[in-house]
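The values are calculated or read from the model by the stated rules, or taken from the named source; none is laboratory data. All figures in this text were calculated on a predicted structure; none of them were measured in a lab. No Cβ is skipped: glycine too gets one built from the backbone with ideal geometry, and neighbour counts run over all protein chains shown.
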Amino acid sequence: MGVTTLTHDTTSSRTAAGLTLAVASAASFGLSGALARGLLDTGWSAGATVALRIGIAALVLVVPGALALRGQWHLLRTNAGLIGIYGIGAVAGAQLCFFYAVTYMQVSVALLLEYTAPVAVVVWLWLRHGQRPSRLTLLGGAIAAAGLVLVLDVVSGADLSTVGVLWALAAMLGVTTYFIISADEGNGLPGITLAAGGLLVGGAILLAAGASGVLPFHASTADAVYDGFTVDWWIPVVVLGLVTAAFSYVTGIAAGRRLGSRLASFVALGEVLAAVVWAWLLLGELPRPVQLAGGLLVLAGVVVVKLGEGRTPLLVEPLPDPEPRSDPRVSESPAA
């Protein structure tokens, strides 16, 4: 009885910590679009904006990411391909496609299209790993999807850019990659190391693309203009790197490893609501009443998904045989 109570308390504490981290990550990620718009409107290209954002975050995380390995450098060699996919899809691809999307449509609308990713996560886990979603999970997904439709305001015939929609859907694929890889604890990589490696790879790819002329790189030292005020150009650049990239990726990975990719992806829908609030505060883009109602539906869908996850039985790994370890490098994966 005591062991059962302890296990329940530990699981509850882990879930609570995961939810807190997921909300913090969503709120900081949601700031990126509104901040970037201020730079894009002064002549910055999406490629230059993303490259600087990723580059700053990578520089900040590379040392703590290396220290977190505790000398287990073989983990980098073993997971080189995984880090590469993470850097290309979850970092460079998702951010670049999203910033291109916001040049054609409102930040909140682009983000909502991008965050159909939880549906893709559910389908992936079902088809690839046989993790059939519960009825409550499916119901929660349907409710959240209905909320997205309302926030997009497609019923009233809102004008959507086809090019913007395609960029946003491409970003959705990158976000799906982010949730799936971030939640994987089996690779042994500390979360901050995965974030640092992915950011380094993503930044290197973008810089190479810019240097070769494949990706347009334009920047400006003009003040960034927001709703009713201006700031020096470097202020949003630094905030994009430190807050909306370094902080967001580290907390997001930590949340995914505590909640699992499915639940983490649905909780991350809070980024949509955060983006609406930030776009209102920084850009003066006011949501319509129908969009606010949709936001409430999104939150309701997340709650239902959480209830559905709660009904999924916990899988307990069997205890290992009491045999001596032959490899002194084997240790528990450090918490993200």
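In segment 185-225, how many are more than 21 Å from residue 96 (Cα to Cα) and either touching a His at 6+ places or on another chain (Cβ under 6 Å) or free of Cβ contacts under 8 Å to residues at least 12 places away in the same chain (or both)?
Qualifying residue count, segment 185-225: 1.
Scan (1) in contact with a helix residue (DSSP H, G or I) (Cβ under 8 Å, 6 or more places away or on another chain); (2) not in a helix (DSSP H, G or I) for the single condition residue 82 breaks and write down its number.
(2)
Going by the structure shown, is residue 294 farther than 22 Å from residue 98 by Cα, at pLDDT 75 or above and buried (at least 17 other Cβ atoms within 10 Å of the Cβ)?
Considered against the rule, which asks whether it is farther than 22 Å from residue 98 by Cα, at pLDDT 75 or above and buried (at least 17 other Cβ atoms within 10 Å of the Cβ), residue 294 comes out as no.
If residue 41 satisfies all but one of (1) surrounded by fewer than 17 Cβ atoms within 10 Å (Cβ to Cβ); (2) in contact with a Lys or Arg (Cβ under 8 Å, 6 or more places away or on another chain), what's the number of the condition it fails?
(2)
Could you name every one of the helices (runs of 4 or more DSSP H) located completely within segment 173-272 that has at least 2 residues being at pLDDT below 90 and surrounded by 20 or more Cβ atoms within 10 Å (Cβ to Cβ)?
Per the criteria, 191-211, 248-259, 261-267.
Against the definition (without any contact (Cβ under 8 Å) to a residue 24 or more places away in the chain and either of a type outside the set (Lys, Arg) or part of a helix (DSSP H, G or I) (or both)), how does residue 71 come out, yes or no?
Criteria met by residue 71.
Give me the pairs: first residue in segment 84-109 and touching a residue at least 24 places away in the same chain (Cβ under 8 Å) and within 13 Å of residue 167 (Cα to Cα), second residue among the hydroxyl-bearing types (Ser, Thr, Tyr) and not in a helix (DSSP H, G or I), beta-carbon distance under 7 Å, and six or more apart or on different chains, which are they?
Within 7 Å, the pairs are 104/161; 105/161.
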